[in-house]
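Take a look at the structure set out below.
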Amino acid sequence: MKTAKRLVAVFLGLLAAPVSAASDDPTVLERENAALKHALQLLEAEAQEIQQTLQPLQDERDRLLPAIEGRREAAEQGWEPEETPWETLELGVLPPSLVEGDAQAEGAPSPKAALFRFLAESPSGWSKVEDGGKPAEVPHWIYSRIYYESTGAQGYLELRSKAHGYAQGKIYRMAMTERDGSWYVHKVEQRTLCHQGLTEEGTCR
């Protein structure tokens, strides 16, 4: 920015410079024109650099603007974030290696490893969180927790989006059992965290 201000000052100084007695000299005029052209080129380069610096900020603003408007509407309507009921999913959403009895089943060394294998290898691509109505390349925030039981373990995997203040995303619950040191998933459920709450039908607004 200091460079830009300095170039503007130089450019304006050249424009405001008094016409000298020798200004009719083609050589002098040529030098002044060359100086003005060079100053303009430097200003254009500086402007491009500033635009490149600002572009990521503008892109982030455009990405967050719908979420900001949505949160404003939610506040005006008195809506609070809510979760949908649990929905049981087919075991086909899991990587085959986690489904006991599958020809490719090998299990995971731990319940947490099973959760993150699901995140990385889910054939349905549900490891991606919806972000403002569009699939995000990666979740903005991932949280996992494991509860051990006498018959196995319950694993929870939360994928949340920053776009709505982490109040939107998916939560997965997986029931796992251990066989010969490997962990397999025998039930998987999901629920959606809705930043504007639920409709009377139990879906996201």
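For the reader, a short list of remarks on this structure follows.
- Single residue of the stretch 191-205 satisfying the filter (part of a loop (DSSP other than H, G, I, E, B) and not basic (Lys, Arg)) that is surrounded by the most Cβ atoms within 10 Å (Cβ to Cβ): 195
- Residue match in the stretch 164-186 (condition: over 30 Å from residue 151 (Cα atoms), at pLDDT below 90 and surrounded by fewer than 18 Cβ atoms within 10 Å (Cβ to Cβ)): yes
The values are calculated or read from the model by the stated rules, or taken from the named source; none is laboratory data. Predicted model, so just to flag it, every value in this text is computed and none were measured. Please note: Cβ atoms are built from the backbone with ideal geometry, for glycine as well, and neighbour counts cover all protein chains shown.
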